[in-house]
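Each reported figure results from applying straightforward, stated rules to the coordinates on display, with no laboratory input. Remember, it's a predicted structure, so these values are computed and weren't measured experimentally. Note that each Cβ is placed from the backbone with ideal geometry, even for glycine, and that neighbours are counted across all protein chains shown.
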Amino acid sequence: MKGVKKYVIATTLGLTAIAFASQALAQNTAQRDAAIAECIAKAQKEYPDSSPGGDVGTNRTAVYKSCMTSKGLNP
């Protein structure tokens, strides 16, 4: 019987931890989405499609990565 109680308590604590982690992840997702939109806009502004040279995509990628990193997020 003691083993069953320990199992129930451990399961309850585990599910509680998962619930809190899910809420934190959802909040982080909203912040991340906003940062992504901001960094994409910044990269497109700095290197529009009409930029001279053939490295527009490479330059945009560098600006995007730098922007995301400065916000403490993975690109």
A correct Karplus calculation of ³J(HN,Hα) over the stretch 55-64, with 6.51 cos²θ - 1.76 cosθ + 1.60, θ = phi - 60°, whole Hz and x for Gly and Pro, returns 9, 4, x, 5, 5, 4, 4, 5, 5, 4
Please compute the modelled spin-label separation between ALA30 and THR58, points set 7 Å along Cα→Cβ, answer in nm with one decimal. 4.0
Under a Cβ-Cβ cut-off of 15 Å, what is the net charge of the residues other than ILE40 that fall near it, where Lys and Arg count +1 and Asp and Glu count -1? +2
